[in-house]
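**Student:** Here you go, one structure.
The values are calculated or read from the model by the stated rules, or taken from the named source; none is laboratory data. Fair warning: this is a prediction, and the values are worked out from it, not measured in the lab. Don't worry about glycine lacking a Cβ; one is built from the backbone with ideal geometry, like all the others, and counts go over all protein chains shown.
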Amino acid sequence: MSEAVPDLTVTRWKRFGKDRLYVTDVDARPVGWWDLATTQGHPESADLASALDRAVSAWLARDGQTTALAIAQDVAEPAQTAQVCDVDSLPSAGAEADVELIPGGPTPRSSVEHPVDLSSNRAGAMAREQALALKQAAPVRTFVARALGVRNDERAWRIGADGEEKVAGRLEKLLRKDPRWRILHAVPVGARGSDIDHVVIGPGGVFTINAKHHPGAKIWVAGDTFMVNGQRYPYIRNSRHEAKRAARLLSASCGFPVEVTGLVVPVRADDVTVKQAPDDVFVVTRAQVARWLRKRPEVLRADAIEAIFASARRSKTWKP
């Protein structure tokens, strides 16, 4: 059920044991969501907290009287610890939400130290930072290596960042063709400094994309074997692990099963031959990736896309 509140739209979402209100602005941009079961607010940013509270209060007062009374009665009891499947039960540097619903004119109030919103991450950001750190640590050696075309760690990170940016450019075309898709770049995972190049969520499902920039290379794929100029790389295995890890973390955060598919996207290779496709990982060139995603069979409804994206864009989701 969707209900317009001045300048804001409130949509109720009830599935998989969850009962939530998702709030968007006039441009369909997310303002945040409210958990009707736990009475906790989750604004997209601190400055949107009051807008979220205002929209939810209006919705409860106008259309949710029964729900509001039930929530008010629950709040009178000591707050229960959130279940581990809820996004806000996962450990993070931020404080737990402190929400109170006042009986007699329910007005949600929240005091939250918000996790980082990953939706503003730039493609290749983490790889670019690594390359810059190596350059600053040894500027002369880096300059000489670039001049002589020597392959080193700084070059590997820099070329990798270039590849991620080029894939991001293609994904922008996907958004222009079908705005239902949601895309995140340079998603940090765990505590060891690793990241997922791109997380893509849309009607066709959820995908982790690993961009592999090999200018002028000849690539040959057969099952789990991925060869670049005759040298074997563990890209298929790594992509499979990345997708399974993302599925586990997103499922825990969302509270319902989230299936994730891994993609390896070669960038600027002269030739890509897929002799035998891997069982559960896809190899799709940069030129084809937007069209490939857009042509996937639709498996997610709009509410599921938004629910998964709401969890995926929160940094704490990826650092259990």
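**Student:** Given the criteria surrounded by fewer than 20 Cβ atoms within 10 Å (Cβ to Cβ), in the same structural domain as ILE201 (by TED's automatic domain parsing) and among the basic types (Lys, Arg), does ARG268 qualify?
**Tutor:** yes
**Student:** Please pick out the residue among LYS173, LYS177, LYS218 that is closer than 23 Å to GLN276 by Cα, touching a residue at least 40 places away in the same chain (Cβ under 8 Å) and basic (Lys, Arg).
**Tutor:** Criteria check complete, one pass: LYS218.
**Student:** Where the second residue is charged (D, E, K, R) and surrounded by fewer than 16 Cβ atoms within 10 Å (Cβ to Cβ) and the first is assigned by TED's automatic domain parsing to the domain that holds ARG248 and lies in the stretch 293-319, which pairs have Cβ atoms under 6 Å and are six or more apart or on separate chains?
**Tutor:** ARG294/LYS177; ARG294/ASP178; ARG313/ASP117
**Student:** Filter the stretch 204-224 down to residues that are surrounded by fewer than 21 Cβ atoms within 10 Å (Cβ to Cβ), more than 20 Å from the chain's Cα centre (by Cα) and not in a loop (DSSP other than H, G, I, E, B), then give me how many there are.
**Tutor:** Here the count works out to 3.
**Student:** Select from the stretch 152-179 the residues that are basic (Lys, Arg) and either buried (at least 17 other Cβ atoms within 10 Å of the Cβ) or under 16 Å from MET126 (Cα atoms) (or both) and write down the one among them that is modelled with the lowest pLDDT.
**Tutor:** Per the stated criteria, the residue is ARG155.
**Student:** What residue, of PRO203, PRO139, is in the same structural domain as ARG291 (by TED's automatic domain parsing) and farther than 18 Å from VAL265 by Cα?
**Tutor:** None of the others qualify; the one that does is PRO203.
**Student:** Those residues that are out of contact with any Lys or Arg (no Cβ under 6 Å at 6 or more places or on another chain) and within 17 Å of ILE196 (Cβ to Cβ), I need them from the stretch 118-147; list them, please.
**Tutor:** SER120, ASN121, ARG122, ALA123, GLY124, ALA125, MET126, ALA127, ARG128, GLU129, GLN130 - these are the residues of the stretch 118-147 that are out of contact with any Lys or Arg (no Cβ under 6 Å at 6 or more places or on another chain) and within 17 Å of ILE196 (Cβ to Cβ).
**Student:** If you don't mind, another one. Which of the residues belonging to the stretch 19-53 are surrounded by fewer than 17 Cβ atoms within 10 Å (Cβ to Cβ) and assigned to a strand (DSSP E or B)?
**Tutor:** The answer is ASP19, ASP25.
**Student:** Would you please name the residue that is surrounded by the most Cβ atoms within 10 Å (Cβ to Cβ), looking only at residues in the stretch 123-139 that are among the small types (Gly, Ala, Ser), in a helix (DSSP H, G or I) and out of contact with any helix residue (DSSP H, G or I) (no Cβ under 7 Å at 6 or more places or on another chain)?
**Tutor:** Per the criteria, the residue is ALA125.
**Student:** Oh, and also: Scan the stretch 140-167 residue by residue and report those that are among the basic types (Lys, Arg) and in a helix (DSSP H, G or I).
**Tutor:** ARG141, ARG146, ARG155, ARG158, LYS166
**Student:** For ASP280, only one of the following conditions fails: (1) more than 18 Å from the chain's Cα centre (by Cα); (2) surrounded by fewer than 15 Cβ atoms within 10 Å (Cβ to Cβ); (3) without any contact (Cβ under 8 Å) to a residue 40 or more places away in the chain. What is its number?
**Tutor:** Every listed condition holds for ASP280 apart from (3).
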